Every structure is written in structure tokens, then in C-alpha cells.
Amino acid sequence: MIRIQARTEPSALMKFVSPLLAIVLTLIFGGILFSAIGKSPVQALQVLLIAPLADSYNIGEMFVKMGPLLLCAVGLSLCYRANMWNIGAEGQLLAGALGGSAMALYFVESESIFALPITLLAGVVSGMVWAAIPTFLKLRFNSNLILTTIMFNYIALYLLIWAVHGPLRDPQGYGFPESAMFSDATLLPTIFESSRTHIGILFALLAGVVGWFILTKTHLGFQIRVFGADEPAARYAGFHGKKLSWFVMLFAGALAGLAGIGETAGPIGQLVPNVSPGYGYSAIIVAYLGRLHPIGAIIAAAFMAVLYMGGDLAQIEMGIPVAVVSMFQGVLLFFLLACDFFINNRLSFTNQATN
Amino acid sequence: MKKQHLVSRLELVKLTKQYPGCLANDRISMTLMPGEIHALLGENGAGKSTLVKTIYGVVSPDKGDILWDGKEVVIKSPSIARDLGIGMVFQHFSLFETLTISQNIELCLSKTQLHEIGDLAAKITELSQAYGLNVDPTRYVHTLSIGERQRVEIMRCLVQSVKLLILDEPTSVLTPQEVAGLFDVLRTLSKEGCSILFISHKLHEVTEICHKATILRGGKVVDTCVPNEETPASIAKMMVGDLADQEAGYVKREGTTTVFHVDDLSLPSKQPFGTVLKNIQFELKAGEILGVAGVAGNGQDELMAVISGEDERNVKNHLHLKGEPIGHLHAGERRRLGMAYVPEERLGRGAVPDMSLSENALLTHSDGFIKSGLVDWQGIKDYTKSLISKYKVKCHGEFSEAKSLSGGNLQKFIMGREIGQNPNVLICAHPTWGVDVGAALAIHQALLELRDKGAAILLISEDIDELFLLADRMSAVCDGYLSPVVRTEHTNIDQIGQWMAGTFINTHQPQEAQA
């Protein structure tokens, strides 16, 4: 008979090795899967993981994808550290894209230097509002944050779709569900020539550092960690649980909103129905892969961005369906949770016959 | 002396367990006969916990053998220990809060055992009555006080008809009457042939009930004795080596100015099985310790939560600090006004288990270590080191996680942290529960020192001896009522014991008298 027993002293080292182990297991699994559908596993993994880093254009594209992933993941890391199960980064991202884009369209004729900051701010505030509603519902009515944030993801998506079919549709756009192209005054400047990499990635890296700074250096971050690790202790110490909850949720909402407007005012340049290929959801995996540590999230976001890129390349070069990316993400999370489980627990095989 | 040529129930041969930086058990040998009640004595960190965990299969020894009924066994896990017939009641309980008592007990039974028992709830009720444990199988664990939870743990072992029962400080949360009841249970079990390994710090209990005692110090067996041939003082000496005797009474003080008072406080319970506070009224004076006796679950937890502000309901006009109402303030604001607390639960409330001692020092002591929102980690580290050395907290260092400390050492740390804030008012629950003689002495000294510096102290404890030793004035709680307050020298254990049983309620609250 197999029993599960908690380990008395889980290895501290393994907590950091676990993500690597999960990645290796995912790759092995992927290799087997590719052989099963008749593709060379070596070539597939090469396209999936190496090719995205092979030339400067691809690296630039990798940064484009890494930005929103990282922004969302840093916010989520703080939320999860505080035991606030915010699954709503996707909705907050879309709200940011919608709110920010509405502002950008207001400036569509403008050349003001304030146009871009105000547009970004509009995106940030929209993301915060979208995070605030479920937070309020949880703190006031004790509603389940996981459920409400997921619901708000769909509400945000359909609001956005409604907006591009209605009020924000480009009047000269031949009826396509897209907004007008933004003015250059509201577009994020690119960093390199001939690449779509824009300064959003710098925002994201900055967010990672700020998140790390808050968590490890400030009293606020300490309170967040205590609140998440041991709520009775936080109450005993006299920390304001509600204020901490509000802080992490609004912080996450702000970053996700920035990620959203960073997409429409960045590589896309207009509001379209598919702003995000599920960045807000993938960011959950990124946050866990980064051990809920903002600096860890930087590395994890880079990996996830490579996977996104690799998925595109695999489709182009080898005809592997792009759904393989989602599957890889799912398998990765599965292995990560499994590794964590076996770090904290062990199986013991007991022989019942000894009785 | 019983020297029958029986096979021993349990024999340990040179058990050794090395932890990084600490030899927890050093070639420990001991023998337990069937039906023997054997005391395991020693200070915190002497290796008692490691030894019993080894017997219970939680810890695997590096060297040495365990013989069970004369046969060598390897106890790799608690389930193997349970299959052998070893039951254990831990110091930190391991119950699922969201399950009922019955479900909790069911969880640790195998299918065959469950089948043999049949109706578990009925069995629990039956044993509960037989042993006077007062355990209702349908109640949820989260509604139970610590004392009640311990009874569930004992019940859990009784249900499995054990051959060796290990009790880690079983009496620390029971009233004198309940202790007597428990001892009846233990004596009955002993007569039925069940061996009992009994860890306690209350030496008079050990001399009362135990047949033999093994004394550990620094991981080694330093002595064995027959407790009823010894006195508590002589055993204490064996435990701590040669430390000052703690029998000497302390000087009583009389405070003058009222620092804190609770005014006609009545509060319904938040939980279905909690205690309703009724007309609580008392005052704390500067330079004085008020002791509150009472059995667990009579309103102590509720009272403490209201005073600390962890219970966030507004009781503005019922709590006053230096004449100002504070009942509407948030827990953090009350702390900033100079209130400090030592809670009953050390791990999980008084300290965050997975955080280092430095971080746990910062938990409530942030004064002077926060500059414009930033934590002065170096300052905290130095402060933590000073706490560790001042209160002789046994640990690897300020980076040790709180959960790695033994109960008594963690308590010394928490005490030191709260006292280190120089509070005006210290609310302190069960300060020496599970703490060894030497550490208890240190904690007592620290409390008295704080009192003499002019702090007002509320001491909630279930240890009457300790209350009489420390408190300048005494009171008792029962069923959410607080008894009158008297000066300690004007009362005696009998009167307080009766108050703990609620005899004062009739005279004070005739309309709500309870049988």
C-alpha cells in the first residue's frame, strides 16, 4: 500500500531546484510527444527553445512577450505571497488595454508630450479599478476571490470586444472590429532599431526590482509576507490585513493594466480583440515558476516568453500546432506542482501484512 | 521494587541522534516494563522530544536499537509505531481544525481498526464517560480550546487500545480536578498493562504518579530514580544540575495608579462554541501583576482577543488605557500605545513558523527598526542576537526558523521580545506552559523585573502554583464571568479553585446562575 507522508524537513535547496526539475521533465515529456506525432524531438525542441534566441530579431520579439508576462507575474507574486488568490491578471490586463486605448484614441490627433504618460496612466488606473472590484467584494462580502477574478476576466474580455465593435471602432476601418491606429504621440518608443522591443520591457524589469525591493526591504513587504504565511500572527502583531490586501491587489492591477496598455500602445498600435494570448493566465505559471519571488519571476518570464516564441516558430517551421504552447504551459505547471508536492511529502510503501 | 522476570515492553539501547550542530540524543538506554508509568525529565533541549519522536517513528535514530516486547524493531514511521501499539499525545497538537472530533480520530485509524470498533462516535462517547474526558464526537476541532484539544489527542490513543502511551506534558492545561481524573485514567491503563511514558515539568505530579524516572541533560541520561523516594526539589536538582532552588517565594507588590481597566464588558461569542464574556470588570495597576486562574475554554481566549484588538469588534467605552478609551482602536494602534501580549499559541500566532527569529522579532517589535518604511535588517539582527543571549534561547542563531525551536525556547524568545518593548501593559497567557524549570525561572524573573519597572501585567494561567508565586492580586474566570479580585495573600488555593469552578457566579449573578 502506498501512503503519502509529509516530510519533516523539506530540503531548502530543492525548493529552488524544483522549477528546473519541472522544466527538464516537461522537455522530456515534450520530446516523447513530438516523436509520437512523427516530428523529430531534437529538432522540435531546438525550434522551441533555441531558435527564439538565435537572432537579434527573435530576441527582440522575446522581449516583447516577456514584458507583459513579467508585469503580471510580479503583481501576482505579491498577491500570492499575501494569500490573495488573484486569477484576474488577464482581466486586469484587458481592462488596462481598453481604458488606456480609449485615452489613446482621445489623443489620436495630438502631438502633446503628455499624451503618452496620460495614456499609460489611464491603462494603469483601469487595471486597478478592475482589480478593486473583486477585492472590495472579498473584503466586504467575503466572496471567493478566485471565482470573482475569473468572472471579471470574461467581463473584461467581452467589454473589450463590445468596444471594438462599437464606440471605439475605427470609422474608416471598413467595419473591422479594430480601433484607429494610435498617434505616434501615444506609442511607446522602441529601444532598438528594426525591432518591436519597446520600453515596456524596461517597465517590467523595473517592476521586478521594485517588487523585490518591497518584499525584502520594506516593512510593508514584511507585513505582506507575514499576512500570507500566518494570518493569526499578522492579526496578533496588529497588521492591517485589509490594507495589505488592498495594496497587493491594486499593485497587481496597476502592473497588469500597464501590461495591457503596453500591448496596444506598443507592438500592436491599436485596440484589437486579441490583445493578449493569455498573458494574464501564463503569468500565474510564471509567478510560481519564479517561486513567487519578483527576481525569480524575471527568469521565469524570460523562459515563458521563449516558449511563446518557440511555439510560433514551431508552427511556421515544422507545422506543429501552436496549441503546443498552451499544452507545454499546462504540463510545466503540472510538473512544477508535482515536484513541489514531492519536496514536501514522500511516498512510503508500507506492507499491511506485517500486522 | 518489582523485579519480575518479564519481557520489557520497550527497551532502548544506546540510541543516538545527531542533528546539524547538536547531538540531540547521546547513547540513550532505558527500559520500560508493561504497566510501568515512566517519567522522562529534563530541561528544554535536553533531548526528550527527540527521544520520544524516535520511539514514535517520527525521527529515525543514527545508531542504537529499539526492542519491543523483547524483539528488535525498526520504527520507520508513526503508522508502524501505531501498528505496534504505541500512541502519542504531542505537545503541539496535530488535529484538523475543520473536521469534527470523530473525523479526526477516524483519520488515524486503519480500516481493520475501524471495522473492529464499529460505531466510532459511540465508542468515543463511551470512553469519554469511562475516563471522564468530556469529549463530544460531533464537535468541530476549531471550536475547542487547547485543553479540550488535548483531551481529543488522549482519546485518539485510547480508541486504539494502546500498549505504550507517550504523553508530552499532558497535565499542563488541566485543572487540579482534571489532573486527578487523568491520573485515574493513567492508573487504570497501567493496571491493564499499558506502559506510559510521561513527560512533565510538574515534578510533584511525577512523584505522585510515576514508578520510575529517567533524567536527561544535554542529550544524555544523567540519572534515574524512583520518584516517590525523592522530593520535587531533589529531582529538580538532578534536572538542572545545581541551579538556585525555585521554591523561594517572590516579593509581592502593591500598585497604586490604575493603568488599564476593563469596564462592564459583555460580548457575545464569535464562534458557535466560544464563550460569551459577561460583565467583565477589572483594573491593572502599574507595578502589579493580576493573575487570572481558570480552566481552558472559560473565556480566556476571548478576553485576550478583545483586549489585544484581534477581535475587531468595537468595545470603545469598555477598555481604557490611562483613562483613554481604546476599545475602538486597531490592534496595531493599541500596541503603539504601549500594550504587549504573549499569546497562548506560540507557533502560528506568537511567531511565524517559517520565518527566522530576526523576522519574528520584527513581527511585533518594529520601533526603531523602521526608517521611512524600510527595515533596518542589520539592526534587527543585532537586536535578535541580544534577545537570544539575554534570555538564553537555544538555537543556531538569529537566522533559525521559529519552528525549529523547542516550545520553551520559543516562549523565552517571545517573552523577551514583548518585554523588550517596555510595555505599559503586558497581557500574558500561560507564560511557562511546557517550559522547563530553568526556563520558567528565567521567565518569572523577566516578568517580575518588568513589574518592578512599573508595567501593569495581566497573567492568565492554568497553573495555580505559578499564579500564587507571581501574582500580586488574584482572580478566576468561569463560563465568561470574572470572579472578584483579591490580594494574593488574602486568598488560598481552595478559594481560587472554587472560583474556577464558578461558585462566585451565584452570589454575583443570581439571575444567570447555572447548576
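The values are calculated or read from the model by the stated rules, or taken from the named source; none is laboratory data. Computed from a predicted model, the values in this text were never measured in an experiment. When we count neighbours, we look across all protein chains shown, and the Cβ atoms used for this are built from the backbone with ideal geometry, even at glycine. Calculation scope for accessible area: heavy atoms of the full protein, side chains included, ligands and nucleic acids excluded. Shrake-Rupley method; radii C 1.70, N 1.55, O 1.52, S 1.80 Å.
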Quote the accessible area belonging to A:Y154 in square angstrom, nearest 10, computed with a 1.4 Å probe and with ligands, DNA and RNA left uncounted. 120
Looking only at lysines whose Cα falls under 24 Å of B:K270's and that sit 8 or more positions away or on another chain, we get A:K138, A:K242, A:K243, B:K278, B:K316
Determine the order of A:L206, B:L459 by accessible area, beginning with the largest, at a probe radius of 1.4 Å. A:L206, B:L459
Using the heavy atoms of the protein chains and a 1.4 angstrom probe, tell me the accessible area per residue for region A:62-344 in square angstrom. 39
Anchor B:K76: aspartates and glutamates whose Cα lies under 18 Å away (excluding residues fewer than 8 positions away in-chain): A:E9, B:E11, B:D62, B:D65
How far is helix A:241-263 tilted, in degrees, relative to the longest principal axis of the Cα atoms in chain A, given as a value from 0 to 90 rounded to the nearest 10? 50
With springs only between Cα atoms under 10 Å apart, run a GNM on chain A and tell me which of A:I28, A:I201, A:I268 wobbles the most. A:I28
Per-q log10 I(q)/I(0), region A:294-355, q = 0.23, 0.25, 0.27, 0.29 Å⁻¹ (Debye; single scatterer per alpha-carbon; no solvent): -0.98, -1.04, -1.08, -1.12
Computed D for region B:65-156, Stokes-Einstein, Kirkwood radius over alpha-carbon pairs, 37 °C, 0.692 mPa s, to the nearest µm² per second, is 230
Packing-wise, with mean Cβ within 10 Å as the measure, how do A:226-236, A:113-123, A:335-345 rank, highest first? A:226-236, A:113-123, A:335-345
Can you pull the percent of the protein assembly as shown's accessible area that's carbon plus sulfur, 1.4 Å probe, other chains left in place? 58
If you take every residue apart from A:I224 with its C-beta less than 11 Å away from the C-beta of A:I224, what net charge results, scoring Lys and Arg +1 and Asp and Glu -1? +3
Calculate how steeply helix A:12-36 sits against the longest principal axis of the alpha-carbon atoms of chain A, using the helix alpha-carbon long axis, and give the answer as 0 to 90 degrees to the nearest 10. 70
Chain A: longest segment with zero exposed GluC sites (Glu not before Pro), where exposed means DSSP loop plus at most 13 other C-beta atoms within 10 Å, is residues A:194-355
In Å and whole numbers, how far do the C-alpha atoms of region B:388-432 stretch along each principal axis, longest first? 32, 19, 15
Any idea how far the Cα center of region B:403-470 sits from the one of region A:38-104, in Å? 52
Based on the alpha-carbon gyration tensor of region B:10-240 and its eigenvalue square roots a ≥ b ≥ c, which shape applies: rounded if a/c is under 1.5, prolate if not and a/b is larger than b/c, or oblate? prolate
For peptide A:240-249, what's the mean number of Cβ atoms from other chains within 10 Å of each residue's Cβ? 1
Interface residues in region B:369-409 - accessible area drops by 40 Å² or more relative to the isolated chain, probe 1.4 Å: B:L374, B:W377
Expressed as a whole number, the average count of other chain Cβ atoms within 10 Å around the Cβ atoms of A:218-224 is 5
About the Cα centre, and with charges only on the beta carbon of Lys, Arg (+1) and Asp, Glu (-1), how big is the dipole of the protein assembly as shown? Nearest 20 debye, please. 1040
Report, as a whole number in µm² per second, the diffusion coefficient that Stokes-Einstein gives for region A:65-188 at 20 °C and 1.002 mPa s using the Kirkwood radius over alpha carbon pairs. 139
Mind putting together the pair-distance distribution for the protein assembly as shown? All Cα pairs, 20 Å bins, whole percent per bin, short to long. 13, 38, 32, 15, 2, 0
Around A:Q270, what is the net charge, scoring Lys/Arg as +1 and Asp/Glu as -1 over all other residues with Cβ under 9 Å from its Cβ? -2
Which lysines, on any chain, are close to B:K392 with Cα under 25 Å apart, when same-chain ones fewer than 8 places away are left out? B:K17, B:K48, B:K53, B:K202, B:K220, B:K237, B:K381, B:K403, B:K412, B:K453
Rounding to the nearest 20 debye, state how big the charge dipole of region A:62-344 is about its Cα centre with +1 on each Lys and Arg Cβ and -1 on each Asp and Glu Cβ. 1080
Among all helices in chain B defined by DSSP H, which have a length of 15 Å or more along the axis from Cα atoms plus a Kyte-Doolittle mean of at least -1.0? B:120-131, B:146-159, B:176-191, B:377-390, B:407-419, B:437-452
Could you state the per residue volume, in Å³, of the convex hull enclosing the Cα atoms of region B:388-515? 128
Let me know the mean shielding of B:352-365 by other chains, meaning the per-residue number of their Cβ atoms within 10 Å of its Cβ. 4
Quick one: Cα convex hull volume of region A:99-144, Å³ per residue? 54
Tell me, what is the Rg over Rh of chain B, with Rh the Kirkwood radius over Cα pairs? 0.96
Work the Kirkwood hydrodynamic radius out for region A:62-344: mean of 1/r over every pair of different alpha-carbon atoms, inverted, in Å. 19.1
Of A:A54, A:A302, A:A97, which is the most mobile in a GNM of chain A whose springs link Cα atoms less than 10 angstrom apart? A:A54
The local net charge around A:G96, scoring Lys/Arg +1 and Asp/Glu -1 for residues other than A:G96 whose Cβ lies under 12 Å from its Cβ, equals -2
Any idea of the total accessible area buried by the A-B contact, 1.4 Å probe, rounded to 100 Å²? 2400
